[in-house]
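J.: This is the structure I want to talk about, given as structure tokens.
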Amino acid sequence: MERLPGFRDFYPEPLPHKDVWSADARQYIFVKWRETARRYGFREYDGPPLEPLELFTLKSGDEIVGQLYNFTDKGDRAVALRPEMTPTLARMVAAHERAYKKPIKWFAIPQLFRYERQQKGRLREHFQFNADIFGETDLAADAELIALLIDTLRSFGLSAEDFVIRLSSRNAWQDYFSARCPDATKAYEFFQLVDKLEREEPEVSESKLKALGFSFEEVNRFIETGEPTPELEAILENLAARGLGEFVKVDYHVIRGLAYYTGPVFEAFDRKGEFRAIAGGGRYDNLVKLISGGKVSLPALGFGLGDVVLLELLKARGLLPRFDPSVDVFVLIEEESLRAQSLGLVQELRSAGLAVEYALTPTKPDKQFKRAQELKAAYTARIEADETVNIRNLKSREAWVCSTAEAVRRLGR
Ligand code: HAM
């Protein structure tokens, strides 16, 4: 049986085949995401992977709706696997926002599903670090969020030479659109064309823009002029005060493909332009109101950082550590008559917080020792007939004999 295209198997390292993904690298990434979120005071939340279809058809936009994994469940409900976390989060916040002090700063690491054409950096399932802030209109929140994104990427060893945050403004584009087209229902279609400008053939973009009543040259001139709005200036100043100015640049190519954005928007890219977007986000001040049917209104902003492009970039820059299996102590059982006491020692060492391995079944001593070396054990420990423990440091070769209590005390964490 083969796995479905665009889905991944995660194996412990060393990897058995180039076609599988590293469970260790995934864990490494998740730990860094959680650690940076903690430093910025974000709390973790989660929601259901399966949601009512309507949650996503409401305001995410046609592109993501076309990529939905949706079906009718056995109770005749129209449901979909979540393609993104933001609508779920808006629903959760709207339901219980009163129980939380503002601004609400939350993060999650959801697995998301999009029926996309499989290509470099795009799969049908991926994980995203989502960080969002609710209840704050001040641009200080936008800057704080971008700083979190920068520091998250920096925690992997990436520098300003490796990535850049391209900062833009959905409202600047909204103004551009409104000044030239009276039909507000066409706005999203226009935003989609701008979003695709860098990936689409120029002739195709040109004719599609023309059909909407826009000039390709004029749109490009607007992008090239790139005058930061006062909002963007404020965000840039805030980031510069933190010494993070070199990580951001204003770039109106960015507009974001999703429909709900309302204010400053941004995307993270590798500097060389070899990969798809690493992350994307921005303000979406109307989504909570829309999803709560007008009951709750809260300004909001956030970003999603995917694991697929991030991993490609870390590999390309040689920034992934080695993930060797390692244990603290390998308990050698050379005399089967001492197995019961040895199990007692294993248990005590593990209770003291150590990673402990031993041979589950009778095994020749030299094989046990070889296994200890393969596992890069720091120590071996062996119970003697007189109940003392013989400990050896496998690196320094230093060895000593002591009581079990003393062994636990000296090796324990
Ligand atoms: P998004 O731009 O659709 O935004 O996705 C964010 C990031 O997730 C992308 O930059 C990319 O790294 C990764 N990603 C998206 N689709 C795929 C895929 N098919 N395969 C691999 N990686 C992918 C959102 O999803 C927004 N909900 C983010 C957000 C949160 N905005 C506000 N809060």
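J.: Which residues, counting only those in the stretch 1-12, are modelled with pLDDT under 95 and either open to solvent by less than 60 Å² (accessible area, probe 1.4 Å) or acidic (Asp, Glu) (or both)?
T.: Glu2
Yes or no, residue by residue, for (1) surrounded by 22 or more Cβ atoms within 10 Å (Cβ to Cβ); (2) in the same structural domain as Gly226 (by TED's automatic domain parsing); (3) over 19 Å from the mean Cα position of the chain (by Cα):
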{"position": "Arg117", "(1), (2), (3)": "no, yes, yes"}
{"position": "Arg124", "(1), (2), (3)": "no, yes, no"}
{"position": "Phe129", "(1), (2), (3)": "yes, yes, no"}
{"position": "Asp132", "(1), (2), (3)": "yes, yes, no"}
{"position": "Glu136", "(1), (2), (3)": "no, yes, yes"}
{"position": "Leu139", "(1), (2), (3)": "no, yes, yes"}
{"position": "Ile146", "(1), (2), (3)": "yes, yes, no"}
{"position": "Asp151", "(1), (2), (3)": "no, yes, no"}
{"position": "Gln174", "(1), (2), (3)": "no, yes, yes"}
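J.: Going by what's in this entry, would Glu267 be described as surrounded by fewer than 19 Cβ atoms within 10 Å (Cβ to Cβ) and either within 14 Å of the ligand (Cβ to nearest atom) or in the same structural domain as Leu139 (by TED's automatic domain parsing) (or both)? Lay out the reasoning, then the answer.
T.: On the way: surrounded by fewer than 19 Cβ atoms within 10 Å (Cβ to Cβ): no; either within 14 Å of the ligand (Cβ to nearest atom) or in the same structural domain as Leu139 (by TED's automatic domain parsing) (or both): yes.
For Glu267, the condition - surrounded by fewer than 19 Cβ atoms within 10 Å (Cβ to Cβ) and either within 14 Å of the ligand (Cβ to nearest atom) or in the same structural domain as Leu139 (by TED's automatic domain parsing) (or both) - is not met.
J.: Related question: Scanning for something exposed (fewer than 12 other Cβ atoms within 10 Å of the Cβ) and β-branched (Val, Ile, Thr), does the stretch 224-232 turn up at least one residue? Break it down stepwise before answering.
T.: Residues of the stretch 224-232 exposed (fewer than 12 other Cβ atoms within 10 Å of the Cβ): 224-225, 227, 230.
Next, from what is left, pick out any that are β-branched (Val, Ile, Thr): 225.
Yes, the stretch 224-232 contains at least one residue that is exposed (fewer than 12 other Cβ atoms within 10 Å of the Cβ) and β-branched (Val, Ile, Thr).
J.: Please work out which one of (1) in contact with a Gly (Cβ under 7 Å, 6 or more places away or on another chain); (2) open to solvent by 20 Å² or more (accessible area, probe 1.4 Å); (3) outside the structural domain of Phe30 (by TED's automatic domain parsing) is the condition Lys105 fails and give its number.
T.: All conditions pass for Lys105, except number (3).
J.: Report yes if some residue within the stretch 52-75 is among the aromatic types (Phe, Trp, Tyr) and under 20 Å from the mean Cα position of the chain (by Cα); otherwise report no.
T.: No: zero hits.
J.: For the stretch 252-264, give me each residue that is open to solvent by less than 30 Å² (accessible area, probe 1.4 Å), over 17 Å from Leu193 (Cβ atoms) and not small (Gly, Ala, Ser).
T.: Tyr260, Pro264
J.: Could you please tell me which pairs satisfy a Cβ distance under 7 Å, a separation of 6+ or placement on different chains, a first residue in the stretch 75-102 that is open to solvent by 50 Å² or more (accessible area, probe 1.4 Å), and a second residue that is aliphatic (A, V, I, L, M)?
T.: These pairs meet every condition: Ala78/Leu53; Arg91/Leu55; Arg91/Ile291.
Here's the yes/no breakdown for (1) within 16 Å of the ligand (Cβ to nearest atom); (2) open to solvent by 70 Å² or more (accessible area, probe 1.4 Å); (3) of a type in the set (A, V, I, L, M, F, W, C); (4) out of contact with any Ser or Thr (no Cβ under 9 Å at 6 or more places or on another chain):
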{"position": "Leu313", "(1), (2), (3), (4)": "yes, no, yes, yes"}
{"position": "Ala316", "(1), (2), (3), (4)": "yes, no, yes, yes"}
{"position": "Leu319", "(1), (2), (3), (4)": "no, no, yes, yes"}
{"position": "Glu336", "(1), (2), (3), (4)": "no, yes, no, yes"}
{"position": "Ala359", "(1), (2), (3), (4)": "no, no, yes, yes"}
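J.: I need the strands (runs of 3 or more DSSP E) fully contained in the stretch 206-298, keeping only those with at least 2 residues that are of a type in the set (Ser, Thr, Tyr). Reasoning before the result, please.
T.: Numbers: elements: 248-250, 264-270, 279-283.
Qualifying strands (runs of 3 or more DSSP E): none found.
J.: Another one. Any residue at all in the stretch 299-308 that is surrounded by fewer than 17 Cβ atoms within 10 Å (Cβ to Cβ) and either in the same structural domain as Leu139 (by TED's automatic domain parsing) or of a type outside the set (A, V, I, L, M) (or both)?
T.: Looking for residues that are surrounded by fewer than 17 Cβ atoms within 10 Å (Cβ to Cβ) and either in the same structural domain as Leu139 (by TED's automatic domain parsing) or of a type outside the set (A, V, I, L, M) (or both), one finds none in the stretch 299-308, hence no.
J.: Out of all the residues in the stretch 16-24, is one or more within 13 Å of the ligand (Cβ to nearest atom), in contact (Cβ under 8 Å) with a residue 12 or more places away in the chain and open to solvent by less than 40 Å² (accessible area, probe 1.4 Å)?
T.: Quick first cut of the stretch 16-24, residues within 13 Å of the ligand (Cβ to nearest atom) only: 21.
Going one step further and asking which of them are in contact (Cβ under 8 Å) with a residue 12 or more places away in the chain, we end up with 21.
Still in the running and open to solvent by less than 40 Å² (accessible area, probe 1.4 Å): none.
Looking for residues that are within 13 Å of the ligand (Cβ to nearest atom), in contact (Cβ under 8 Å) with a residue 12 or more places away in the chain and open to solvent by less than 40 Å² (accessible area, probe 1.4 Å), one finds none in the stretch 16-24, hence no.
J.: Here is a follow-up. List, please: which pairs have Cβ atoms under 7 Å, are six or more places apart or on different chains, and start with a residue in the stretch 125-139 that is within 18 Å of Pro87 (Cβ to Cβ) and end with one that is of a type in the set (Phe, Trp, Tyr) and within 8 Å of the ligand (Cβ to nearest atom)?
T.: Once the first residue is within 18 Å of Pro87 (Cβ to Cβ) and sits in the stretch 125-139, its partners that are of a type in the set (Phe, Trp, Tyr) and within 8 Å of the ligand (Cβ to nearest atom) give Ala131/Phe303.
J.: If you go through the stretch 153-163 one residue at a time, how many are open to solvent by less than 10 Å² (accessible area, probe 1.4 Å) and of a type in the set (A, V, I, L, M)?
T.: Of the residues in that region, 2 qualify.
J.: Which residues, counting only those in the stretch 271-287, are closer than 18 Å to Asp307 by Cα and either within 11 Å of the ligand (Cβ to nearest atom) or surrounded by 22 or more Cβ atoms within 10 Å (Cβ to Cβ) (or both)?
T.: Phe275, Arg276, Ala277, Ile278, Ala279, Gly280, Gly281
J.: Next question, about the same structure. Mind telling me which of the residues Ser168, Ser178 ends up being crowded, with 17+ Cβ neighbours inside 10 Å, touching a helix residue (DSSP H, G or I) at 6+ places or on another chain (Cβ under 9 Å), outside any loop (DSSP other than H, G, I, E, B) and among the small types (Gly, Ala, Ser)?
T.: Details: Ser178 fails: crowded, with 17+ Cβ neighbours inside 10 Å.
Exactly one residue qualifies, and that residue is Ser168.
J.: Now for a separate question. Which condition does Leu349 not pass, out of (1) more than 12 Å from Leu411 (Cα to Cα); (2) open to solvent by less than 60 Å² (accessible area, probe 1.4 Å); (3) out of contact with any Pro (no Cβ under 9 Å at 6 or more places or on another chain), if it passes all the others?
T.: Answer for Leu349: the failing condition is (1).
The values are calculated or read from the model by the stated rules, or taken from the named source; none is laboratory data. Computed from a predicted model, the values in this text were never measured in an experiment. Every residue, glycine as well, gets a Cβ built from its backbone with ideal geometry; the counts of neighbours run over all protein chains shown. Protein only, heavy atoms only, side chains kept; ligands, DNA and RNA dropped before computing areas. Shrake-Rupley method; radii C 1.70, N 1.55, O 1.52, S 1.80 Å.
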